[in-house]
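Peer 1: Once you've had a glance at the structure underneath, I'll fire off some questions.
The values are calculated or read from the model by the stated rules, or taken from the named source; none is laboratory data. Small disclaimer: the values here were computed from a predicted structure and weren't measured. Here Cβ is always computed from backbone atoms with ideal geometry, including for glycine, and neighbour counts include all displayed protein chains. For accessibility, only protein heavy atoms count, side chains too; no ligands or nucleic acids. Shrake-Rupley method; radii C 1.70, N 1.55, O 1.52, S 1.80 Å.
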Amino acid sequence: LKIGVLGSGTVGRTLAGKLSSLGHDLTIGTRDVDALMARTEPDGMGNPPFSVWKGSHPAIAVETFEVAAASGELLINATSGTGSLEALEQAGAANLNGKVLIDVSNPLDFSNGFPPSLSVCNTDSLAEQIQRAFPEAKVVKSLNTMTAAVMVDTGSVAGGDHDVFLSGDDEGAKNQVRKLLASFGWKNIHDLGGIETARGVEMWLPLWLFLMGGPMGGAMFNLKMVKA
Ligand SMILES: NC(=O)c1ccc[n+]([C@@H]2O[C@H](COP(=O)([O-])OP(=O)(O)OC[C@H]3O[C@@H](n4cnc5c(N)ncnc54)[C@H](OP(=O)(O)O)[C@@H]3O)[C@@H](O)[C@H]2O)c1
């Protein structure tokens, strides 16, 4: 499958690397290819600059958001939550129309430092904002509830016995995402319902951040549902 991953950060790199290793044809999208490739400093999380990562992933193309979106039969939004609508505008509605758009973003606003606030919550969500802005795209919220490494390596937590969610209005799109997640090794995939259910998975992030910085002692953990 031709897949366009919009986003050059940890999530974009991690998902693109995994999907490429599974035989898909990947293009990563960014605002400005030359500027991205020219960065020499590690990012805020200490990850090496993009060009170093790209050197070890020669099969993955890097293009503007627009070209990456045009090239993908399936798209992933892995851009900063506060920049996602802008990034998707740059990708262009015509390049999103009719396509499955997996939204991995979180609406975290760090403009006042840590802890961040949610830029949208309660009665709306970033996934719904994206779906409203691009009504012809088939938005499926998923994978935003865990750190990038866990998304593609389920066995790294609890032997793989933990949970991931789907939110979206298009059943066919959710089925396609379910298959993609299964190809990553996901077994416990819960369909929450329509795109409005993304409110719940986005509002988990404030607690996720406190768990990471506190009792979990790092990011390698995830949600596991248990019932009587
Ligand atoms: N890090 C994780 O483990 C993790 C886990 C779950 C969910 N998420 C969510 O996944 C998304 C990506 O996270 P990340 O850590 O990989 O990277 P990030 O630093 O949150 O986002 C990087 C991407 O956002 C783009 N971007 C930033 N501001 C923009 C703007 N104003 N307009 C257009 N594009 C803009 C950047 O463009 P350039 O390429 O041009 O720099 C880059 O491609 C975020 O929404 C995050 O909350 C992250």
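Peer 1: Going through 200, 185, 193 one at a time, which residue ends up being under 14 Å from residue 140 (Cβ atoms) and within 19 Å of the chain's Cα centre (by Cα)?
Peer 2: It is 193.
Peer 1: Also, quick follow-up: So, in segment 1-52, exactly how many residues are open to solvent by less than 20 Å² (accessible area, probe 1.4 Å), of a type in the set (A, V, I, L, M, F, W, C), within 10 Å of the ligand (Cβ to nearest atom) and in contact (Cβ under 8 Å) with a residue 60 or more places away in the chain?
Peer 2: 3
So that you can scan it fast, the table gives a plain yes or no per residue for (1) in contact with a Leu (Cβ under 7 Å, 6 or more places away or on another chain); (2) modelled with pLDDT under 95; (3) within 17 Å of residue 224 (Cα to Cα):
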residue	(1), (2), (3)
107	yes, no, no
116	yes, no, no
120	yes, no, no
127	no, no, no
147	no, no, yes
153	no, no, yes
171	no, no, no
182	no, no, yes
185	no, no, yes
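Peer 1: For segment 91-107, enumerate the residues that are surrounded by fewer than 20 Cβ atoms within 10 Å (Cβ to Cβ) and within 9 Å of the ligand (Cβ to nearest atom).
Peer 2: Once the filter is applied, which keeps residues that are surrounded by fewer than 20 Cβ atoms within 10 Å (Cβ to Cβ) and within 9 Å of the ligand (Cβ to nearest atom), segment 91-107 yields nothing.
Peer 1: Check residue 116 against each of (1) more than 12 Å from the ligand (Cβ to nearest atom); (2) open to solvent by less than 50 Å² (accessible area, probe 1.4 Å); (3) farther than 23 Å from residue 18 by Cα and name the one condition it does not meet.
Peer 2: (1)
Peer 1: Of all residues in segment 119-142, which are within 12 Å of the ligand (Cβ to nearest atom) and open to solvent by 40 Å² or more (accessible area, probe 1.4 Å)?
Peer 2: The answer is 119, and nothing else.
Peer 1: Give the residue that is surrounded by the fewest Cβ atoms within 10 Å (Cβ to Cβ), with candidates limited to residues of segment 68-84 that are among the aliphatic types (A, V, I, L, M) and away from the ligand (no atom under 13 Å from the Cβ).
Peer 2: Among those residues, the one meeting the criterion is 70.
Peer 1: Follow-up question, since we're still on this one. If you take the residues in segment 166-192 that are open to solvent by less than 30 Å² (accessible area, probe 1.4 Å) and out of contact with any strand residue (DSSP E or B) (no Cβ under 7 Å at 6 or more places or on another chain), which one is farthest from residue 150 (Cα to Cα)?
Peer 2: Ranking the qualifying residues of segment 166-192, first place goes to 180.
Peer 1: Continuing with the same structure: Of the conditions (1) touching a Gly at 6+ places or on another chain (Cβ under 6 Å); (2) in a helix (DSSP H, G or I), residue 140 clears all except one; give me its number.
Peer 2: (2)
Peer 1: Any idea how many residues of segment 193-228 are away from the ligand (no atom under 14 Å from the Cβ), on the phi > 0 side of the Ramachandran plot and surrounded by fewer than 13 Cβ atoms within 10 Å (Cβ to Cβ)?
Peer 2: Residues meeting the conditions: 1.
Peer 1: Still on this model: Taking the stated definitions as given, is residue 153 more than 15 Å from the chain's Cα centre (by Cα) and either more than 13 Å from the ligand (Cβ to nearest atom) or open to solvent by 10 Å² or more (accessible area, probe 1.4 Å) (or both)? Lay out the reasoning, then the answer.
Peer 2: On the way: more than 15 Å from the chain's Cα centre (by Cα): no; either more than 13 Å from the ligand (Cβ to nearest atom) or open to solvent by 10 Å² or more (accessible area, probe 1.4 Å) (or both): yes.
When the stated conditions are applied, residue 153 does not pass them.
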